[in-house]
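Taking it in order: structure first as structure tokens, then the write-up.
We did not get these values from a lab; they are worked out from the coordinates using the rules stated. This is a predicted model, so every value here is computed, not measured. Heads up, the Cβs are rebuilt from the backbone with ideal geometry, glycines too, and the neighbour counts pull from every protein chain shown.
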Amino acid sequence: AYIKNMMLTEDEIRSLDDSYGYPISEIFERYVAQLKDQKCMDYDDQMIYARILLMKVPQLLAQCRRAYQYLCVDEAQDTSRIQHEIIALLAGDTRNLFMVGDEDQSIYGFRAACPEALLHFQDRYPGAQVLLMETNYRSNEKIVAAADGFIQSNRLRHKKNMKAARKPGTDIRFVELRGRGAQYTYLAKAAAEPPRDVTAVLSRDNESLIPLIDLFERQKIPFTLKRSDTSFFTSRVVTDIRNIIAYAQNPTDVSLFLQIYYKLNTYLSKVNAQALCREAERRHASPLDVARKSRSLPESVLRSLKNVRSDLNQLQKDKAVDAMNRILGSLGYGSYLSRSGIRDSKIPILYNLANRTDSAAHLAQRLDELEEFITNRDNPRTNFILSTIHASKGLEYDTVYLIDAADGIFPQDMPEDPRSLQGAELSAYEEERRLFYVGITRARNNLILFEFGKNASLIRQLKRAAGVLPKVTAKPKKKKAQTVPQPEEKPFDREGYIRFVESLSVGDAVVHKEYGNGVIERIEPPRIVIVFDKAGAHNLSLPVVYKWELLTKA
């Protein structure tokens, strides 16, 4: 859909291969060929062939122009390039065209929305007028003023200044919390007493809502879910974690083994893995047990397989958080994510869920339960709504809580110096800012944002616009952006890891992101034992603790 709506050339399609790490051009070519073989067209083909017909059949174009002499396009900021081309053909020389849109609210770039068409409207239609609608009738004056000051920093927009039709109202609230998980506890307390006013919790994407849905379901707090999206549960990382746990419970399942062996520290080639599976099926045994008697595998591989087998056995006894540490650490899945450049945004969500379950098996079971709950639940009408910003577009709420506005989550990729961005990078970053703008302008009376950690660039920018922080006029120094840990953005630094381990001593007071305050009892790299005030003693993986920045000195 994106390729067709953007009218990409063959070279532009091939460039997507490098951008996304998939053979998109080949997939697209085979998809188009399959459509032609079956004499079919998809939804987007209707626009492609409509444009071709209008260009090649003058009589048809003339007939359409007579039938549609006046054109009105609503939500024009979400219209794609090919749609604008069709509109231009229909408008013709009469140019009886009226477009309504706001490029500041264009948030569907992934679906090929083309807000640039609004910016170049007068270039395409010389003599056309641009009328600015600069009054906001929804939000109170303080929200409108801060939101307007925030969006002014975008470059790809018409210059306009939004004013509120309403009185000042209450200040925007910025709530500082100790960690990401504290948001969910805060909101559970807020929702425990059903609010009289319509209240919404908004997030950048669906996965940010998963821990909140989990907590609300556990505490039987009524809520309305704006859209039932279960893509989190079928995503690559979550599927891998589920498969690893499932294989630990059923080590004779060769189909599971073939799905995970190369993602763990087995160091098996595909040929050797398949050979082990054939022999395992013949013996009705585990591939890892079969490997113990192998004479063809190198000694180093046999040692690795022994360690993997031991870890998988221990995984069934681990508490859920310890199981996550083991999977990412000694089993090697964290290293696989880093090597593969796979975004790890699902990992913190899984840790949060793991913290509320007592074993790896129960974590897997809870994932199944949540997927079923979201898919099949009766969605009651309540005054407490959970929604993504995209799903809330065009809607308004008395009170809005915006969650997970931290670098690496929202925005997903925080540039080192936004002022230096150009082209596609600028467009992508400004769309993240527009999404934030749309989120905060859903609020009528009350807007609450959560801060956890130091890196919340969008909140910091909103604070400046709201006058909470002084405006910065000096050009920022270039430095590597700190974000919520992402393996592709922060490869494992062995020297840093060594310094980290050397900085720790038995008896040190420390703070863990999940377990809270504790004291180091034993250090035996690559493991560390910490006795926590509330969670008791835990045997943790030092590489995982370092990689995910889970531990700080108290």
Return the whole-Å distance between the Cα centroid of the stretch 169-190 and the Cα centroid of the stretch 227-302.
42 Å
Using only the alpha-carbon atoms, how far is helix 236-249 inclined from the longest principal axis of the chain? Give it as 0 to 90 degrees, nearest 10.
20 degrees
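Over all directions, the average projected area of the alpha-carbon convex hull for the stretch 23-176 comes to how many nm²?
It is 14.2 nm².
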Hey, what do the phi angles of the stretch 173-183 turn into as Karplus ³J(HN,Hα) couplings, whole Hz, using 6.51/-1.76/1.60 and θ = phi - 60°, x for Gly and Pro?
9, 10, 9, 8, 10, 6, x, 4, x, 5, 4
Ranked highest first by the average count of other Cβ atoms within 10 Å around their residues, in what order do 172-178, 432-438 fall?
432-438, 172-178
Pairs from LYS39/LYS270; LYS189/LYS513; LYS226/LYS263 whose Cα-Cα separation, in the structure shown, is over 28 Å
LYS39/LYS270; LYS226/LYS263
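Which net charge results when you count Lys and Arg as +1 and Asp and Glu as -1 among the other residues whose beta-carbon is under 15 Å from that of ASN96? It would help to have the intermediate numbers written out before the result.
Working: positive: ARG65, ARG66, ARG95, ARG124; negative: ASP93.
Result for the local shell: +3.
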Straight-line reach from LYS167: which aspartates and glutamates fall under 20 Å, measuring Cα to Cα and dropping same-chain residues less than 8 apart?
GLU134, GLU141, ASP148, ASP197, GLU396, ASP398
Unit Cα scatterers, Debye sum, the chain: log10 I(q)/I(0) for q = 0.06, 0.11 Å⁻¹:
-0.38, -1.17
7 Å from Cα along Cα→Cβ at both GLU29 and ASP171: what's the point-to-point distance in nm?
6.1 nm
Given charges of +1 on the Cβ of Lys and Arg and -1 on the Cβ of Asp and Glu, with all other atoms neutral, how large is the dipole of the stretch 2-131 about its Cα centre, in debye to the nearest 20?
760 debye
Interchain or long-range residues, amide H under 5 Å from ASP398's placed H
VAL198, ARG444
Whole-Å distance linking the alpha carbon centroid of the stretch 1-62 with that of the stretch 336-350 is 32 Å
Rounded, prolate or oblate for the stretch 230-293? Axes are the square roots of the Cα gyration tensor eigenvalues, ordered a ≥ b ≥ c, and the cut-off for rounded is a/c under 1.5.
prolate
The stretch 494-553 - percent relative contact order, Cα under 8 Å, separation 6 or more:
29 percent
Nearest-0.05 FRET efficiency for TYR22 and ARG155, computed from C-beta distance (R0 30 Å):
0.45
Using only DSSP helix segments of four residues or longer, with each worth -39500 (n - 2.57), what per-residue ellipticity at 222 nm results for the chain after dividing by its residue count and rounding to 500?
-13500 deg cm²/dmol
Can you compute log10 of I(q)/I(0) for the stretch 494-553 with the Debye formula, treating each Cα as one identical point scatterer, at q = 0.16, 0.17, 0.21, 0.25 Å⁻¹?
-0.41, -0.46, -0.72, -1.05
